Structure formats: structure tokens, C-alpha cells
Amino acid sequence: MMTALEAVLGPWLFPIGVAVLAVAATLVGYRLALAITRRFTRPTDTARLFLDAAAGPIGASLCLMTVNAVLQQGVWEQLPLLAFMRHTARLLLILALTWAAVRCVSAIGDVIVRLNPVDEGRWRRARKVETQTRFLVRALNILVVIIGAGVALMTFEPMRQFGASLLASAGIGGIVLGFAARPVLGNLLAGMQIALTEPFRIDDVLNVEGEWCWVEEVTATYVVLRVWDLRRIVMPLQWFIEHPFENWTRHNADLMGAVTLWVDYAMPVEPLRGEFSRLLAVSAEWDGKTESVQVMEAGERGMQVRFLMSAGDSTQLWNLRCAIRESLVAFMNSHYPGHLPRMRAELVSPEA
């Protein structure tokens, strides 16, 4: 056993040493070039962003290119297992190049997002660009992985031999695959449709099935929604195409909200209107656009007064509504305690 192993590995000692030295020289040169490039470029430069994103896979690809170059030398033709080693090195090189391509495509998305920051007055355009970029980058990454896997499989001789038969059966296979992968393909197509039509963007505030949430992450097949209590809801993209939902920041983040109070019929509305105006004037959440007090309903026990207000976004509006509700209740308890809703009844004596 040991003799056979030595017979196979013995001739490989010198080629392995040459390959190790070549890889070490390539790695040292690459690290030196990388350090020089990083020394004379800023972290925010476009070329630097690509380099930082793909530094690891590029280094691995250069090392594997060196190994392939060493194994292709004609002096090793008599070595045992040479075909296997060449095939393995070629396969690893394809995988490393695919990895580098995926990282570069992802870096394209990061560069585009960085070049479109969320500045004052440009938040809609920035979120639109980020949402579309995330969709397209993930679609391109899937395409790169599929191409890389196909090229890797084509390095196997049986795959090339059966290529004609696979092409001949591609029609039936495509139909079967289409039915089997219908949910995945549906989500991918829904992602492309959402990227083009923009029913929502990243950081938009949505109301999905009664949940108030933000769009936190958009992938090729699903959306991660962050609920106000920090829960995460993962929704497939197809759901947003087939079901209605509310987008509270479709064109702008301004929102209107109301606080309703039930009061007695004897309660004058004008003091409530004056107190509501005073509370809005001293509130930091109010945007100064909407202020309205109206009697919405008159029932058998009292009347319902609506206090309508507006704020810059959903979070500020929620805090404003809670503060106004608390302050109005305190105002009535302090100045008009007898005008809170009450139960009226008429007592009739037995003699009457």
C-alpha cells in the first residue's frame, strides 16, 4: 500500500514545490499591489470599492491561474493523475471566477447606492434607485451563478457527450421545470415587476394585513418587513402583486391622523378647539399643515369630536396623536369634569 502511494506521490513532489513557489510569488505580488493601490486611493473611490469587495476572490483566482499554468507545462505529461489534477484546478478556477463575478456585481449595487445618498429633498429618488438596484443586482447574481455552474458542469466529459440529447429534450424538460419551479419563477417575475413599477421602495411605511411596518430588505424572491415592535415579517414578492396593501409614503412621508373623544352634550366645543390649537403650537411633531376640530357624531349618550392633525412621517404622527389624546383628556378632567360622557337615566317612583 505504501509502495503504491509513494509511486503515485513521488513524481509529484517537484511539480508541487514549483506550484507552491509560483503561488507564493503570485500571492506576494498581489498583496503588494493591493497595498499600494489602497495606499494611494480613498476608501470612497469607485475602483477602491470594487477592489475591496472582490479582493479575496480575485486573489484566489490569480493563485488558481498560476496553478493551472504550472500544470499545463509539457514537462509533466508523464505524471500519474495529471488529467485529474488539471481538471480539478480548472474547476476550482471557474468557481473562483464565478465568486469574483458575484462580488463585483454586488459591488456595482453598492456603488450605485453610494452615489445616490438619501439627501434632503432627494429621498424619493434615492430609495427608488436603491430598490431597483437591489432587485437587478440579485437577478444578475443568480444569472452569474447559473452561468458559472453551467461552465463548471461542461468541464465533465459526460456532460458534453450528452449535450445534444439534453438540447433535444429541452422543450419537454422546460415545460416540466416551469411547472415545478412556478412559485420561484413567479416571485422572480414579481420582483422585476416591482422594480419597474415601484409600488413600494426600501424604507417605505406599509400597512400589510393590519400591521404597521417598514420595508427593511428586498431580495429576489421575498421582502423583509420590520414591524413597529421590531418583529420581522417575511413576505413573498408574489403576494404584493396579488393582494392590496397600503403605502403611507408612496409620494411623500406626510400623513394625517385623528384623535376622537366622546363628550357630553353640555360640553362646549370652542374650549376644546382652543386647547387643541395650543397643544399643536407647542408640539415638535406637528408640521403646521393640518388642524381641524369637528363634531363627527351625536349619539344617544353624547357627541364624538374629531381632532385632525398632520405630521412629517408615521412615527411622528403616532407620537403626536398619543400626546394630544392624553393632553385633551387631562384638560377635560381639569376644567370640565362634569362634561365627560355619562349615563343618563330617568327614575320613576312606584307611586307615579
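Values as computed for the structure displayed
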| item | result |
| --- | --- |
| Separation between Cα centres of segment 27-43 and segment 274-300, rounded to whole Å | 62 Å |
| Gyration tensor verdict on segment 232-352 (Cα atoms; rounded if a/c is under 1.5, prolate if a/b is larger than b/c, oblate otherwise) | oblate |
| Cβ-derived FRET efficiency at R0 51 Å, A83 paired with K289, nearest 0.05 | 0.10 |
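Quick note: the coordinates plus some simple rules give every number you see, no bench work behind them. It should be emphasised that the depicted structure is a prediction, and the values quoted were computed from it without experimental measurement. Positions of Cβ are backbone-derived with ideal geometry, glycine not excepted, and every protein chain shown enters the neighbour counts.
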